Every structure is written in C-alpha cells, then in structure tokens.
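The values are calculated or read from the model by the stated rules, or taken from the named source; none is laboratory data. Since the structure is predicted, the reported quantities are computational estimates derived from the model, not experimental observations. Cβ atoms come from the backbone with ideal geometry, glycine included; neighbour counts cover every protein chain shown.
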Amino acid sequence: MASRMEQMAARWIVRSGLLEWIEHVECRNPALLRVLVYHRIDWPTAAQRWLDPSLLSATPENFEQQMAYLMRHYCVVTVDEVLAAVRQGASLPPAAVMVTFDDGYCDFRTQAWPVLERLQVPATLFVPTDYLDESANRFWWDRLYTAFMNSPLPSLDHASCGRWLLAEDLDRLRAYFSIKQCLLASEHHHAMQRVDDLCLALAAGACPPQRCARDTLTWNDLRQLVQAGLSVGAHTQSHPVLSRVALGEAQREILGSRCAIERELGYALPIFSYPCGHAQDIRTQVIDVLFQAGFWLGMTSLEGHNHIPASNPLRLRRVGLAAHTTLDEFRLCLTGFYNVYGGLLALRQKRAVLASRTKAVTAVRALGRYSLRA
Ligand SMILES: [Zn+2]
C-alpha cells in the first residue's frame, strides 16, 4: 500500500473494530493460506545509490514488528506443511501464513535471518542460482539503477530509450523506473543488451562506479542458513522473465536451478518462484513445464490469498509488502481486504507508465527524509 489515503483508511478500519472482527472470522478458516513475499529488508539509507529501492520490503524495525505480530496472532506454516496440504490433502492449521523471500540478497542473512531465528519463524527463500557463485552477484536492475544514480551526465539521449533529464534524483528515478518497466516487457536477451548499452552510455567515458560489497548470498551462506533451518526453492538460474524467453530456454532455467540447488545443498524441494511473477510474466506452457518436472508449488506475484485445495498450487498468490507498510496495513493485508486492494493494484499495473511514475514517487517517499547524496 502506498498512498497516505490508504494508510488513513487502514487506520480507520483498525480503529473501528471492523478489522478485529474480520480477523476473528477469517482465522477460523483452515482452507485460507496467506503467503507473504519479501525481497530486501534494510534501512532506506543502506546502499541507496546502489540497489533498486523498490525492492525494499520492510525496514528491519518494521520486519521485526510484522514477524512478532504473526507469531502472536497467526500460525506460520513451514513449506513442508503446505506441500503436505497440496500433495496429500492434509489440513492446514487455521490462520495459516507462509513467509517467503525472493532473490537472495545479502540482507536476508544480516537483517532478516536474525529476526526469523530469534522469533522462530519458518521461512523459505527462492534463489536465482547463477547469482550464488562468487563471480556474478549483481542483478541487471541494480547495475542499471547504479548507473542512473551515479551518472555524471545532466541528461541522457539514447537512440532506443529516448531523452531523459537527469538533473535531480527524482528525474533519475523516474527515468530508471520507466526504462526498467520497458525492459521487463521486452525480449530478455535484447533487454540485457540494452542494459549494457545504457550502463556504458550513462558512465559517459568515466570509470563505471564499483560497489565493494557483495549484493547476493553465496552457496556457503546458503548452506549455513539451511543448516539453521531455512528452506530453499528454485527461482531460475539467471532470473529472466519466463514469458520473454523461448520455451526451451525457460525449461533450462527452471530445471537448471533445481539441479544447482540439488548439487550444492544435497536436495531440492519441488517448489519454484516465477521471476517478476505478474500475470503477463507467467505463460500456461511454463506452468506445464513445472507440472511435468514434478514441481508442486509455484509462487507468483499475483496479489491475493489462496484457498487450499481450490487454488492452483502452481499459481499461488502472494502478498507483496513495501518498506513503508505500517502495521495497520500489514494487518489488513492478511485479511480479505487485501483481495480488494490487490485487484485495484493489478489494474494499475496494467498501465506501465503510471506504474513507473508511482514507483518513482514511492521510492522517493520510501527514502523519505534521507538525502540520496548523503
Ligand atoms: Zn526475483
């Protein structure tokens, strides 16, 4: 949830007692499964010129508050419990919530895991396996974000991406989010070529900025986390949007990531998370690939909750969170209110230009009082 109006509406619904009543009714329904998805947990100031701020899902403080709330009022289920529900028809406990993370950023280990471990919250992390190797550790969107935020240019005039003002940070964010949106809708390899071109153009002859810290976890990190209780799932090898590559390549990405997990961790759960995962990113043929390969759970970014066994387990909906989500909004997201909000959000996302503008404004708001130049 983004706007102040939505935050005020959330506060009103909580204070009126309506939310408590809905929570009470819905938490008795054992068929209802809520799946939360987080990407990064960090302070907005950390890596603010290096990592795309739209992937911040919570500050460490908010995240701890959210996990504590879940442990007090909900039943956080393990991936094995969800697998047993869809494979063998086992019942889920009432008020079931599953906590998932995508992408495997380093802050999962430094910020999220200490909270999860202390509060004993079961969690599942979906990783694009190529990024766990020592050599490749920067996602294309973070490379592009770095290039935009650190470019010495006052404007960009690019043959295929158009002319963009880069005078202020808001201009840079607007350009970045608009171009990223277009790239996500383009054929994957063509888009990657364009990212390289743009990074080069934005550096304008200067040395491209180097980030000293690693962005993503390594296999060694993952082995330690698994030993401490984390569950791991596949999220392709190189994180292409699977509707933007040929079907054969999508199949190689899916099976390759499962093989890598099996090789490095000794076993692989039959669970998968679609990169980006919105309606336009998931083809029916890709769901068929997962089914034929023996996967049982497929996590999307479609907004909403699931009814087990009625929902397609290879197309599970999730609840996405933003860094500035308040606890009132978080509580709303766990109830049926979220289905209404999720529908509205899906409509908005169909309008890419509007979405990119919203993201730029949201990012600026999320960074709040912190100066990007600090
Ligand atoms: Zn992802």
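A few notes on this one:
- Restricting region 38-54 to residues that are surrounded by fewer than 23 Cβ atoms within 10 Å (Cβ to Cβ) and of a type in the set (A, V, I, L, M), the residue that is farthest from the ligand (Cβ to nearest atom) is ALA46.
- Take the conditions (1) among the hydrophobic types (A, V, I, L, M, F, W, C); (2) surrounded by fewer than 16 Cβ atoms within 10 Å (Cβ to Cβ); (3) within 16 Å of the ligand (Cβ to nearest atom); VAL245 misses just one of them, which is (2).
- LEU32 satisfies every condition listed in (1) farther than 15 Å from VAL319 by Cβ; (2) more than 16 Å from the ligand (Cβ to nearest atom); (3) among the aliphatic types (A, V, I, L, M) except (1).
- ILE254 fulfils the conditions (1) away from the ligand (no atom under 16 Å from the Cβ); (2) within 20 Å of the chain's Cα centre (by Cα) except for a single criterion, (1).
- LEU198 vs. criteria touching a strand residue (DSSP E or B) at 6+ places or on another chain (Cβ under 8 Å), surrounded by 14 or more Cβ atoms within 10 Å (Cβ to Cβ) and either in contact (Cβ under 8 Å) with a residue 60 or more places away in the chain or in the same structural domain as TRP50 (by TED's automatic domain parsing) (or both): no
- Residues located in region 294-343, provided they are of a type outside the set (Lys, Arg), modelled with pLDDT of 85 or more and assigned to a helix (DSSP H, G or I): PRO313, LEU314, LEU327, ASP328, GLU329, PHE330, LEU332, CYS333
- Taking the criterion of being surrounded by 18 or more Cβ atoms within 10 Å (Cβ to Cβ) and out of contact with any helix residue (DSSP H, G or I) (no Cβ under 8 Å at 6 or more places or on another chain), the only residue of region 84-95 that qualifies is ALA85.
- Within region 231-243, residues that are in the same structural domain as TYR274 (by TED's automatic domain parsing) sit with their Cβ atoms under 6 Å from residues that are more than 10 Å from the ligand (Cβ to nearest atom) and of a type in the set (S, T, N, Q), at 6+ positions apart or across chains, in these pairs: SER231/THR124; GLY233/THR124; ALA234/SER257; THR236/SER257; GLN237/THR129; GLN237/SER257.
- Residue match in region 66-81 (condition: β-branched (Val, Ile, Thr), crowded, with 21+ Cβ neighbours inside 10 Å, within 16 Å of the ligand (Cβ to nearest atom) and within 27 Å of ILE254 (Cβ to Cβ)): no
- Within region 119-173, the set of residues being within 16 Å of the ligand (Cβ to nearest atom) and over 30 Å from PRO270 (Cβ atoms) comprises ARG143, LEU144, TYR145.
- Being away from the ligand (no atom under 16 Å from the Cβ), closer than 20 Å to VAL319 by Cα, in contact with a helix residue (DSSP H, G or I) (Cβ under 7 Å, 6 or more places away or on another chain) and free of Cβ contacts under 8 Å to residues at least 60 places away in the same chain is a description that applies to GLY304.
- Identity of the residue in region 272-288, within 14 Å of the ligand (Cβ to nearest atom) and outside any loop (DSSP other than H, G, I, E, B), that ends up surrounded by the fewest Cβ atoms within 10 Å (Cβ to Cβ): ASP281
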